[in-house]
Amino acid sequence: MLHDVARQLRLESDRRARAHDMTRAQWVILVCLERRPGLTQKALAEILEVEPITVARLIDRLEDRGMVERRGDPADRRVWRLHLLPPATPVLRDIHAEREDLRRLLVD
């Protein structure tokens, strides 16, 4: 039953993200960067349990939309630090509202 609930939650989250022309993975990235600004792409890949190239592609899309910016690490030129930009703010408000709605669905 737990597996079924988790699957339904993922499907519903995917549907809600698509309604905002995004993916659930992009939403997760925005929330992670809101909580921990300046994460590296490598650290984000570890958090998401995906390959770094996958994160790089997701960040490319968010960067194209003006929501995320890569900044070089002053201590290591090979490392990119990820930061949210102002266009991510209204999207994060929507994400938080959707997450709260999903939480209420689970509790009720």
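The values are calculated or read from the model by the stated rules, or taken from the named source; none is laboratory data. The shown structure was predicted, so the numbers you read here are calculated from the model rather than taken from an experiment. Cβ placement follows ideal geometry from the backbone for every residue including glycine, while neighbour counts extend to all protein chains displayed. We work out accessible area using only protein heavy atoms, side chains counted, and drop any ligands, DNA or RNA first. Shrake-Rupley method; radii C 1.70, N 1.55, O 1.52, S 1.80 Å.
Evaluate the following for residue 38: is it on the phi > 0 side of the Ramachandran plot and in contact (Cβ under 8 Å) with a residue 24 or more places away in the chain?
Details: on the phi > 0 side of the Ramachandran plot: yes; in contact (Cβ under 8 Å) with a residue 24 or more places away in the chain: yes.
So residue 38 fits the description; yes.
Within segment 52-86, track down each residue that is among the acidic types (Asp, Glu) and either open to solvent by less than 100 Å² (accessible area, probe 1.4 Å) or within 12 Å of the chain's Cα centre (by Cα) (or both). Lay out the reasoning, then the answer.
The initial filter retains those residues of segment 52-86 that are among the acidic types (Asp, Glu), namely 60, 63-64, 69, 73, 76.
If the condition is that a residue be among the acidic types (Asp, Glu) and either open to solvent by less than 100 Å² (accessible area, probe 1.4 Å) or within 12 Å of the chain's Cα centre (by Cα) (or both), then 60, 63, 69, 73, 76 are the ones that fit.
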Residue 5 fails exactly one of (1) surrounded by 11 or more Cβ atoms within 10 Å (Cβ to Cβ); (2) touching a residue at least 60 places away in the same chain (Cβ under 8 Å), namely (1)
Kindly list the number of the only condition in (1) out of contact with any Asp or Glu (no Cβ under 8 Å at 6 or more places or on another chain); (2) open to solvent by less than 40 Å² (accessible area, probe 1.4 Å) that fails for residue 49.
-> (2)
Mind telling me which of the residues 10, 99, 81 ends up being at pLDDT 95 or above and on the phi < 0 side of the Ramachandran plot?
-> 81
Say whether the condition of being at positive phi and in contact (Cβ under 8 Å) with a residue 12 or more places away in the chain is met by at least one residue in segment 63-74.
-> yes
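Looking at segment 1-58 only, could you name the residues that are of a type in the set (Asp, Glu) and in a helix (DSSP H, G or I)?
Initial filter on segment 1-58 (of a type in the set (Asp, Glu)): 4, 12, 14, 21, 34, 46, 49, 51.
Passing the criteria: 4, 12, 14, 34, 46.
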Output for Cβ contacts, cut-off 6 Å, separation at least six or different chains, first residue in a helix (DSSP H, G or I) in segment 88-101, second open to solvent by less than 50 Å² (accessible area, probe 1.4 Å), reads 88/30; 88/67; 92/30; 95/27; 98/16
